[in-house]
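Comments concern the structure below.
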Amino acid sequence: MTGSGSGKVLFPAMSQSNGGTTMAQLDAKQFEQIVSFRRAVHAEPELSWHEHKTADRIAAFLDNLGISYRRGLAGTGIVAELPGENDLPCVALRADMDALPIQEETGLAFSSQVPGVMHACGHDGHSSMLLGAAALLVREKHRPAPIRFLFQPAEETGNGAKAMIEDGALDNVALIFGGHLDRHFTAGTVAVTDGPVNASSDQFHIKIQGQGGHAARPHEAIDSVVVGSLLVMALQTIVSREVNPAHPSVVTVGHFNAGSAPNVIASTAQLDGSIRAQEQSVRESLQQSIKRIAHSIGDLHNAQIDVSIDLGTPPLSNPPDIAELAREAVRGSLGDSALKKLEIANMGGEDFAYYMEKIPGCYVRFGSVLAGKEGFPAHSSRFDFDEQALHVGATYYHAVALAAGHHLVEQ
């Protein structure tokens, strides 16, 4: 079977030695099974917190593998587990399951059958590759540590991971690994990077209370549109003038609402925006700067300003020692040429960061660019990926789970 829009899938030989490490690879039948799973889930996508059919399909796949699992964590989440040879904490592998409120325009034979809902971020692929890893690991004769598989809902809303943690998904887990399909790398590659790999994602809300009046008599009013406009421009100076250029960050005003008529000075205005940072200290500094500037402009024009900030996902940063463990897993299972690293900052949020606030881990990127669709990024109505990435992801997860188990034995 070929990947969607891709060429022939090549399978490295089973149990081939590579630098002293034994590689396990999906055979053609196993690969066909996870591709079929991906396409079935893609055709029936489900939004955050509603992944019922997807969970049913995952449970059926695990049943066929003979792997025990628990359902209902965080509503629709599933946790499966394989025992290890040693009395050690678990190594966890995580995939997300939810889709996005987007009308699909890919033209794929297995396009979404649900109007206005689409797997436009590859979560169908993430679940598929983790099931592929489970198919390899269930046959593994020597598992140094127990291996736990987390199938998580609601990554797109940014709080599925927190709900999984609250329901015990990380109990007795020592290390966790996850990843995301990435159109910036070719299929067959895995990008592993030390330090920041995803930014925090917070939102700010600014309410401006001025004094309404007649457009012909502005001296009798406090114009919330003028105050808001000054705020929009002033907020842009935070990143350009208060943050070290070596530390990527973003402040964006995405919503500005004010006024009701051309000849009326608006008494109120509402600004809403996004804050992104790759380091916690910068994240906190941006929040304080927004509050300071907003209140200062309010004082300048005698307007009442109210600022609130909704905290979202924290920054995601890979510890160097665990990232090196992941690199070794890539080299050992896929070869040196498969190993890549992020060259530019990724300012997207990822709720995998909540897991890594609790325990060490590593988050990687799976090359998946599809020839002819390079211009359609994640969250695009035409997003698709090279299904060869499913094979690569399954191979990597198998290798890193065993490598992490050996790491725990040696500690």
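The values are calculated or read from the model by the stated rules, or taken from the named source; none is laboratory data. Everything quoted here is computed from the prediction, not taken from an experiment. Note that we place each Cβ from the backbone using ideal geometry, even for glycine, and neighbour counts take in every protein chain shown. The protein model used for the area step is the full one, side chains on, heavy atoms only, and it has no ligands, DNA or RNA in it. Shrake-Rupley method; radii C 1.70, N 1.55, O 1.52, S 1.80 Å.
Take region 138-165 and flag every residue that is surrounded by 23 or more Cβ atoms within 10 Å (Cβ to Cβ), in contact with a Gly (Cβ under 8 Å, 6 or more places away or on another chain) and part of a loop (DSSP other than H, G, I, E, B).
A145, P146, P153, A154
Answer with yes or no whether L82 is touching a Lys or Arg at 6+ places or on another chain (Cβ under 8 Å) and on the phi < 0 side of the Ramachandran plot.
Considered against the rule, which asks whether it is touching a Lys or Arg at 6+ places or on another chain (Cβ under 8 Å) and on the phi < 0 side of the Ramachandran plot, L82 comes out as yes.
What pairs come up if the first residue lies in region 109-134 and is closer than 15 Å to E32 by Cα and modelled with pLDDT under 95, the second is of a type in the set (D, E, K, R) and crowded, with 24+ Cβ neighbours inside 10 Å, and their beta carbons are under 8 Å apart, counting only those six or more places apart or on different chains?
none
If you go through region 380-399 one residue at a time, do you hit one that is touching a Cys at 6+ places or on another chain (Cβ under 9 Å) and surrounded by 23 or more Cβ atoms within 10 Å (Cβ to Cβ)? Walk me through how you get there before you give the answer.
Pass one, region 380-399, residues touching a Cys at 6+ places or on another chain (Cβ under 9 Å): 383.
In the following step, the residues that additionally are surrounded by 23 or more Cβ atoms within 10 Å (Cβ to Cβ) were identified as 383.
The answer is yes; a qualifying residue exists.
For region 123-133, does any single residue satisfy the condition of being assigned to a helix (DSSP H, G or I), more than 10 Å from F151 (Cα to Cα) and aliphatic (A, V, I, L, M)?
yes
Tell me which strands (runs of 3 or more DSSP E) are completely within region 166-250 and hold 1 or more residues being among the β-branched types (V, I, T) and closer than 19 Å to E343 by Cα, or say none if there are none. Give the steps one after another, and end with the answer.
Working: elements: 173-186, 195-198, 200-209.
Because the criterion is at least 1 residues that are among the β-branched types (V, I, T) and closer than 19 Å to E343 by Cα, the strands (runs of 3 or more DSSP E) in region 166-250 that meet it are 173-186, 195-198.
Please give the number of the condition D98 fails out of (1) of a type in the set (D, E); (2) touching a residue at least 24 places away in the same chain (Cβ under 8 Å); (3) within 22 Å of I359 (Cα to Cα).
Looking at each condition in turn, D98 falls short on (3).
Look at region 252-275 and say how many of its residues are hydroxyl-bearing (S, T, Y) and in contact (Cβ under 8 Å) with a residue 40 or more places away in the chain. Give the steps one after another, and end with the answer.
So in region 252-275, the residues hydroxyl-bearing (S, T, Y) come out as 252, 260, 267-268, 274.
Remaining after also requiring in contact (Cβ under 8 Å) with a residue 40 or more places away in the chain: 267-268, 274.
The number of residues fulfilling the criteria is 3.
In the set E104, E44, E81, which member is more than 24 Å from F177 (Cβ to Cβ), touching a strand residue (DSSP E or B) at 6+ places or on another chain (Cβ under 6 Å) and either at pLDDT 95 or above or not polar (S, T, N, Q) (or both)?
Values: E44 fails: touching a strand residue (DSSP E or B) at 6+ places or on another chain (Cβ under 6 Å); E81 fails: more than 24 Å from F177 (Cβ to Cβ).
Step by step, each of E104, E44, E81 is checked, and only E104 is more than 24 Å from F177 (Cβ to Cβ), touching a strand residue (DSSP E or B) at 6+ places or on another chain (Cβ under 6 Å) and either at pLDDT 95 or above or not polar (S, T, N, Q) (or both).
Which one of these is under 27 Å from A145 (Cβ atoms) and out of contact with any Phe, Trp or Tyr (no Cβ under 7 Å at 6 or more places or on another chain): I58, I67? Step through it out loud before you land on a result.
On the way: I58 fails: out of contact with any Phe, Trp or Tyr (no Cβ under 7 Å at 6 or more places or on another chain).
Of I58, I67, the one residue that is under 27 Å from A145 (Cβ atoms) and out of contact with any Phe, Trp or Tyr (no Cβ under 7 Å at 6 or more places or on another chain) is I67.
Of the conditions (1) open to solvent by 80 Å² or more (accessible area, probe 1.4 Å); (2) more than 22 Å from F185 (Cα to Cα); (3) within 24 Å of the chain's Cα centre (by Cα), S260 clears all except one; give me its number.
So the condition that S260 fails would be (3).
Would you call I67 touching a strand residue (DSSP E or B) at 6+ places or on another chain (Cβ under 6 Å), of a type outside the set (S, T, Y), within 22 Å of P83 (Cβ to Cβ) and part of a loop (DSSP other than H, G, I, E, B)?
Values: touching a strand residue (DSSP E or B) at 6+ places or on another chain (Cβ under 6 Å): yes; of a type outside the set (S, T, Y): yes; within 22 Å of P83 (Cβ to Cβ): yes; part of a loop (DSSP other than H, G, I, E, B): yes.
Spelling it out, I67 is indeed touching a strand residue (DSSP E or B) at 6+ places or on another chain (Cβ under 6 Å), of a type outside the set (S, T, Y), within 22 Å of P83 (Cβ to Cβ) and part of a loop (DSSP other than H, G, I, E, B).
Considering only residues that are of a type in the set (G, A, S), within 16 Å of S201 (Cβ to Cβ) and open to solvent by less than 10 Å² (accessible area, probe 1.4 Å), which ones fall in region 300-354?
The answer is A353, and nothing else.
Got at least one residue in region 195-212 being of a type outside the set (D, E, K, R), surrounded by 14 or more Cβ atoms within 10 Å (Cβ to Cβ) and free of Cβ contacts under 8 Å to residues at least 40 places away in the same chain?
no
Quick grid of which residues meet (1) under 20 Å from E155 (Cβ atoms); (2) part of a loop (DSSP other than H, G, I, E, B):
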residue: I34; (1), (2): yes, no
residue: S48; (1), (2): yes, yes
residue: I58; (1), (2): yes, no
residue: E81; (1), (2): no, no
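Being open to solvent by 40 Å² or more (accessible area, probe 1.4 Å), more than 30 Å from E350 (Cβ to Cβ), under 34 Å from the mean Cα position of the chain (by Cα) and among the small types (G, A, S) is true for just one of S229, S281. Which residue is that? Quick ask: steps written out before the conclusion?
On the way: S281 fails: more than 30 Å from E350 (Cβ to Cβ).
Selected residue: S229, the only one of S229, S281 that is open to solvent by 40 Å² or more (accessible area, probe 1.4 Å), more than 30 Å from E350 (Cβ to Cβ), under 34 Å from the mean Cα position of the chain (by Cα) and among the small types (G, A, S).
Mind listing whichever residues of region 40-68 are buried (at least 19 other Cβ atoms within 10 Å of the Cβ) and under 21 Å from the mean Cα position of the chain (by Cα)?
Residues satisfying the conditions are V41, H42, P45, E46, S48, E51, T54, A55, I58.
Output the residues belonging to region 87-121 that are farther than 30 Å from G168 by Cα and either in contact with a helix residue (DSSP H, G or I) (Cβ under 6 Å, 6 or more places away or on another chain) or not in a loop (DSSP other than H, G, I, E, B) (or both). Write out each step before concluding.
Initial filter on region 87-121 (farther than 30 Å from G168 by Cα): 102-116.
Passing the criteria: F110, Q113.
Does R217 satisfy the condition of being open to solvent by 70 Å² or more (accessible area, probe 1.4 Å) and closer than 30 Å to G361 by Cα? So that I can check it myself, show each step before the final result.
On the way: open to solvent by 70 Å² or more (accessible area, probe 1.4 Å): yes; closer than 30 Å to G361 by Cα: no.
So R217 fails the test.
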